[in-house]
Amino acid sequence: MSRLADLRFRAATAFQRHLANPVTRRLPLQTVLETTGRVSGLPRQTPVGGRRVGDSFWLVSEFGERSQYVRNIQADPRVRVRIGGRWHRGTAHLLPDDDPVARLRALPRGNSAAVRMLGTQLLTVRVDFTD
């Protein structure tokens, strides 16, 4: 990873972890992905942008396998997604062969623009709902 990409990663994750995520995950209509912490075993909630399509929810991680929620999914793919204030259980799948730039075109514009601007290792994630 280049020095600039690493700097973007560190700045974005610090901002998200300490300022943006604690505030936005409390907003009732914010979409939130809940994973199980791979070390702690505790629920970890991350605000995300994405879109429900049928019985699946699609999102793109801006930092790929460096994202903590992606690492948690690798350890345990059982997740929950809060959409419109309602929780849905599902199984997350990492899709490295999917074109994340093309996928972002089908997802909400505001979040997609931020992911494209900040992202260094885009990775598509699909959650298949089980309820």
Legend entry - For SER40, solvent-accessible area (1.4 Å; no DNA, RNA or ligand), Å²: 60
Legend entry - Relative contact order (%) - region 37-131, alpha-carbon pairs under 8 angstrom, separation at least six: 40
Legend entry - region 58-116: translational diffusion in µm²/s, Stokes-Einstein, Kirkwood Rh over Cα pairs, 4 °C, 1.567 mPa s: 103
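Given the -39500 (n - 2.57) contribution per DSSP H run of 4+ residues, what per-residue ellipticity at 222 nm results for the chain, rounded to the nearest 500 deg cm²/dmol?
On the way: 5 runs with 41 residues, N = 131.
Calculated from helices alone, the mean residue ellipticity at 222 nm is -8500 deg cm²/dmol.
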Inset, instruction - Please state, as a whole number in µm²/s, the translational diffusion coefficient that the Stokes-Einstein equation yields for the chain at 4 °C and 1.567 mPa s, with Rh defined as the Kirkwood radius across alpha carbon pairs. - result: 87
Inset, instruction - Please calculate the 1.4 Å probe accessible area of ARG80, with all protein chains present, and give it to the nearest 10 Å². - result: 60
Inset, instruction - Using Cα centres only, tell me the gap between region 102-119 and region 29-44 in whole Å. - result: 22
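Send over a whole-number figure in Å² for the accessible area per residue of region 29-106, probe 1.4 Å.
Working: 4040 Å² over 78 residues.
Using a 1.4 Å probe on heavy atoms only, each residue of region 29-106 averages 52 Å².
The values are calculated or read from the model by the stated rules, or taken from the named source; none is laboratory data. Because the structure is a prediction, the values reported are computed rather than measured. Accessible surface is based on the protein model in full, side chains and every heavy atom, while ligands, DNA and RNA are left aside. Shrake-Rupley method; radii C 1.70, N 1.55, O 1.52, S 1.80 Å.
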